[in-house]
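The values are calculated or read from the model by the stated rules, or taken from the named source; none is laboratory data. Since this is a predicted model, take the numbers as computed values, not measurements. Here the Cβ is made from the backbone with ideal geometry for all residues, glycine too, and neighbour counts use every protein chain on show. To get the accessible areas, we keep the full protein, side chains included, count just its heavy atoms, and leave off ligands, DNA and RNA. Shrake-Rupley method; radii C 1.70, N 1.55, O 1.52, S 1.80 Å.
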Amino acid sequence: MKNSSQLKLSIIVASMNSGNGIARTIESITTQNYNNIEVIFIDGGSTDDTLKIINESTLKDIKLCSEPDEGIADAWNKGLDLCSGDVIMILNSDDYYEDGIIEKVMPCFSSSDIPLIGFGDVTLINKESGDCSRVFGKSRGKIGLLNGFGFLHPSVFFNRKALDSVGIFNKKISVAMDSDWLLRAYFGGVSFKKIPSHTY
């Protein structure tokens, strides 16, 4: 069994004309105190400077696919097909990690030999006012999935066994495809774990 420093993390970032925010997203990855990371950029065919920003980044392990897609679920599935990590997460192209998050998350998966989803807290920022509101994973854990949106997908990490158990995202769903995936995981018996002090 691998220890946490040996685990490879795959981060999937879907983008489309994301030049205004993706640099902050990339910076939040490069400043993490964890080295075993690959970043898979699935771009829908951006016409702004998104691809230039990605190609000029200092990320060490990048995979880039830029082509039209059939929507967000299709883009995420392309990323899943390309990733090689032991642990996987999906980050929006205008979201970012707080410092030190990944080194807090990865040990949660080092001793896991079961399908596991880790989730945490998210800080929502109003782009116009700058006001912040904290979403504490609804503090209801996976039960919250049955009563509305339990927690936000940028805080979700999952291992290979969870992916093998749940499968890919449903391309027929145009919104809330992440909730559909999490509900399938819930009813499929995947374990959920709240990761403390886990914010974005």
Response to the item:
At R0 = 22 Å the Cβ-Cβ FRET efficiency linking R24 and E67, nearest 0.05, sits at 0.35
Practice prompt. Measure of size requested: the Rg and Dmax of the stretch 64-120, with Cα atoms as the atom set and Å as the unit; please supply both.
Written response: 13.7, 39
Worksheet item: Using a 1.4 Å probe, what is the accessible area per residue for the stretch 28-108, in Å²?
Response: 45 Å²
Discussion item. Let's test the formula: R0 of 35 Å, r as the Cβ-Cβ distance of L59 and I173. What FRET efficiency results, to the nearest 0.05?
Written reply: 0.70
Practice prompt. Find out how many positive minus negative residues lie around D61, taking Lys and Arg as positive, Asp and Glu as negative, among other residues whose Cβ is under 11 Å from that of D61.
Written response: +2
Worksheet item: Quick one: with all protein chains in place, what share of the accessible area of the stretch 1-96 is carbon or sulfur, to the nearest percent (1.4 Å probe)?
Response: 45 percent
Fill in: Inter-label distance for S110 and L124, nm, one decimal - labels placed 7 Å from Cα along Cα-to-Cβ
3.5 nm
